1. Looking only at the range A:42-59, count every residue that is aliphatic (A, V, I, L, M) and not in a strand (DSSP E or B) and tell me the total.
2. Just wondering, is there one or more residues in the range A:72-80 that are surrounded by fewer than 20 Cβ atoms within 10 Å (Cβ to Cβ), in contact with a Phe, Trp or Tyr (Cβ under 9 Å, 6 or more places away or on another chain), away from chain B (no Cβ under 13 Å) and acidic (Asp, Glu)?
3. Only residues that are touching a Leu at 6+ places or on another chain (Cβ under 8 Å) and in contact (Cβ under 8 Å) with a residue 40 or more places away in the chain: list them for the range B:12-50, please.
4. Residues in the range A:52-63: is at least one touching a Gly at 6+ places or on another chain (Cβ under 7 Å), touching a residue at least 12 places away in the same chain (Cβ under 8 Å) and not hydroxyl-bearing (Ser, Thr, Tyr)?
5. Pick from A:Ala99, A:Ala64: which is among the aliphatic types (A, V, I, L, M), closer than 27 Å to B:Phe76 by Cβ and away from chain B (no Cβ under 14 Å)?
6. Exactly one of these conditions fails for B:Val54: (1) outside any helix (DSSP H, G or I); (2) away from every other protein chain (no Cβ under 11 Å); (3) out of contact with any strand residue (DSSP E or B) (no Cβ under 6 Å at 6 or more places or on another chain). Give me its number.
7. Checking the structure you have, find out if any residue of the range B:8-29 is within 14 Å of another protein chain (Cβ to nearest Cβ), among the β-branched types (Val, Ile, Thr) and either farther than 30 Å from A:Thr87 by Cβ or in contact with a Phe, Trp or Tyr (Cβ under 8 Å, 6 or more places away or on another chain) (or both).
8. Return the pairs, sorted by first residue and then second, in which the second residue is loosely packed, with under 14 Cβ neighbours inside 10 Å and of a type in the set (D, E, K, R), the first residue lies in the range A:120-143 and is closer than 17 Å to B:Arg11 by Cβ and within 8 Å of chain B (Cβ to nearest Cβ), the beta carbons are less than 7 Å apart, and the residues are 6+ apart or on different chains.
Amino acid sequence: MKVQSAPFDPGAELNAFSSSGQNVGAVVSFTGLVRDVDDSLKEMIIEHYPAMTERAIAAIVEEAWERWSLSDALVIHRHGVLRAGDTIMMVATSSKHRADAFAAADFLMDYLKSRAPFWKKEVTAKGEDWVESKTADEDALSRWDR
Amino acid sequence: MVDVLYFAWVRERIGLPKEQVETSAATVMELVAELKAREERYAVAFSDISALRVAVDQELTEFDAPIGEAREIAFFPPMTGG
């Protein structure tokens, strides 16, 4: 897991991740980008809670390990000032077969979205606005209730 | 003494990221009531706690959670990671 302000190369990360496992038949990855909704985004500022971020992500990853048969899992999440098109974060999972890798990646994304302590602010020509959490994101978590 | 941290718009409304608070509050809710009584900016920031989340010693919890021996309490809006 990496929490960083520096840019990273998701392709290089994925190649390294994919070549590191034994008995791996499936790798699933997700990359999140800064979206410029109506061509007016100057920057996106991502704030986080440093003392909590890594342990919150670790707890989410730990739960994924308990639920699915994984060979490996990777989470990279940036904070600081980003621009449209920049890579915000990536998740990768690997397993023997694809079902576990897909489900675990989906789970990790749902939980990182609403349980990891990051807050996004969009700066446009009109001003600054904190991105509001969506009810749909919270609802998505209930899919994973056991 | 407990460290109280604020993030995102909660930090902006209160006007600082962190402060030390002398409190005898037993629960997070009691601490919120003490903060709200301080000044208007706190009252505004905490006017609707359903719009807020709280972490005690870096663990997400509920507003009725006891403070106990906690050293750090953080208030923030729902998270928007990913």
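1. Here is the first cut: in the range A:42-59, the ones aliphatic (A, V, I, L, M) are A:44-46, A:51-52, A:56-59.
Then drop every residue that is not not in a strand (DSSP E or B), which leaves A:51-52, A:56-59.
Summing the residues that are aliphatic (A, V, I, L, M) and not in a strand (DSSP E or B) in the range A:42-59 gives 6.
2. Yes; the residues of the range A:72-80 include at least one that is surrounded by fewer than 20 Cβ atoms within 10 Å (Cβ to Cβ), in contact with a Phe, Trp or Tyr (Cβ under 9 Å, 6 or more places away or on another chain), away from chain B (no Cβ under 13 Å) and acidic (Asp, Glu).
3. B:Thr23, B:Ala25
4. No, the range A:52-63 has no match at all.
5. On the way: A:Ala99 fails: closer than 27 Å to B:Phe76 by Cβ.
Exactly one of A:Ala99, A:Ala64 is among the aliphatic types (A, V, I, L, M), closer than 27 Å to B:Phe76 by Cβ and away from chain B (no Cβ under 14 Å), namely A:Ala64.
6. (3)
7. Looking for residues that are within 14 Å of another protein chain (Cβ to nearest Cβ), among the β-branched types (Val, Ile, Thr) and either farther than 30 Å from A:Thr87 by Cβ or in contact with a Phe, Trp or Tyr (Cβ under 8 Å, 6 or more places away or on another chain) (or both), one finds at least one in the range B:8-29, hence yes.
8. From residues that are closer than 17 Å to B:Arg11 by Cβ and within 8 Å of chain B (Cβ to nearest Cβ), the pairs are A:Lys121/A:Glu128; A:Lys121/A:Asp129.
Readers should treat all values here as calculations from the given coordinates under stated rules, not as data from a laboratory. Here the structure is a predicted model, which means the values were calculated and not measured. Neighbour counts run over all protein chains shown; Cβ positions are idealised from the backbone, glycine included.
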